[in-house]
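Structure record follows, encoded as structure tokens.
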Amino acid sequence: GEGDDIALYAEDRCGDYVGLGARDLEDIIAPSQKRGNGPRLLVLNACQTAKVAGGQTLAGLAPDLIRRTGLMAVVGMQYPILDRAAAIFASTFYTALARTQPVDYAMSLARESMLRVVGRREWAAPALYMQVDDGMIYEP
């Protein structure tokens with residue numbers, strides 16, 4: 001986006017790639033948040049979406065979106081991982097959430113699955129930023 005570091009590339013209606021920064025994502029999320037029917041969770045299953053900026057823990061796309069949008073939780077990846085590891089993460093994470101598990105518990109299960117199946121260092125890439133004390137972002 002303009003005046004914003006590009007964090008993701010998305011495909012527009014014409015099939016062209018468009019760079020999106022934190023402000024662009026905020027502009028997409030904000031209208032539904034203001035109406036009270038916005039997302040509670042945003043998963044940025046893309047490389048370096050949770051990378052810290054300038055060595056500051058709460059500076060980067062994922063924590064920025066928590067502050068700017070009122071989302072309950074944002075998940076991002078701190079560094080590049082294998083596609084297989086990302087798929088294992090997503091499958092385990094979403095299954096736990098579908099069973100109304102707390103988001104932090106779902107994150108732990110997903111990371112454990114990544115370690116067990118893929119090994120290596122991929123398990124440590126997912127980072128969770130949340131602003132709910134009990135991790136419950138969906139009602140049981």
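The values are calculated or read from the model by the stated rules, or taken from the named source; none is laboratory data. Note that the structure is a prediction, hence the values are computed from the model and not measured. Every residue, glycine as well, gets a Cβ built from its backbone with ideal geometry; the counts of neighbours run over all protein chains shown. Areas reflect the complete protein model, heavy atoms only, side chains present, ligands, DNA and RNA absent. Shrake-Rupley method; radii C 1.70, N 1.55, O 1.52, S 1.80 Å.
Quarter the surface of the alpha carbon convex hull of the chain and you get the mean projected area, 9.3 square nanometres.
So with the 1.4 Å probe, I'd like the accessible area per residue for the chain, rounded to whole Å².
Details: 8180 Å² over 140 residues.
Dividing the accessible area of the chain by its residue count gives 58 Å².
Near LEU115, once Lys and Arg are set to +1 and Asp and Glu to -1 for all other residues with Cβ below 15 Å from its Cβ, the sum equals +3.
Highest mean first, how do 11-24, 80-93 rank when packing is the count of other Cβ atoms within 10 Å averaged over residues? Numbers along the way, then the final one.
Numbers: 11-24: 12.3, 80-93: 17.7.
With the highest mean Cβ count within 10 Å placed first, the list reads 80-93, 11-24.
Carbon and sulfur together cover what percent of the accessible area of the chain at a 1.4 Å probe radius? Provide the component values of the computation, followed by the final result.
On the way: 4060 of 8180 Å².
Roughly 50 percent, rounded to a whole number.
Beta-bridge orientation, the chain: approximately 70 percent antiparallel, per DSSP, counting only bridges with both partners inside.
Once C-alpha pairs closer than 8 Å and six or more residues apart are averaged by separation and normalised to the residue number of the chain, the relative contact order reads 21 percent. Distant-in-sequence amide contacts of LEU44, defined by a placed amide H-H separation under 5 Å and a gap of 5 or more residues or a different chain, comprise VAL75, GLY76.
Could you order peptides 120-132, 25-37, 64-76 by the average number of other Cβ atoms within 10 Å of their residues, highest first?
64-76, 120-132, 25-37
Dividing the summed helix terms, -39500 (n - 2.57) for each DSSP H run of n ≥ 4, by the number of residues in the chain produces a 222 nm estimate of -12500 deg cm²/dmol to the nearest 500. The residue among ALA85, GLN48, GLY19 whose Cα reaches farthest toward the positive pole of the charge dipole of the chain, with charges on the beta-carbon of Lys, Arg, Asp and Glu, is ALA85.
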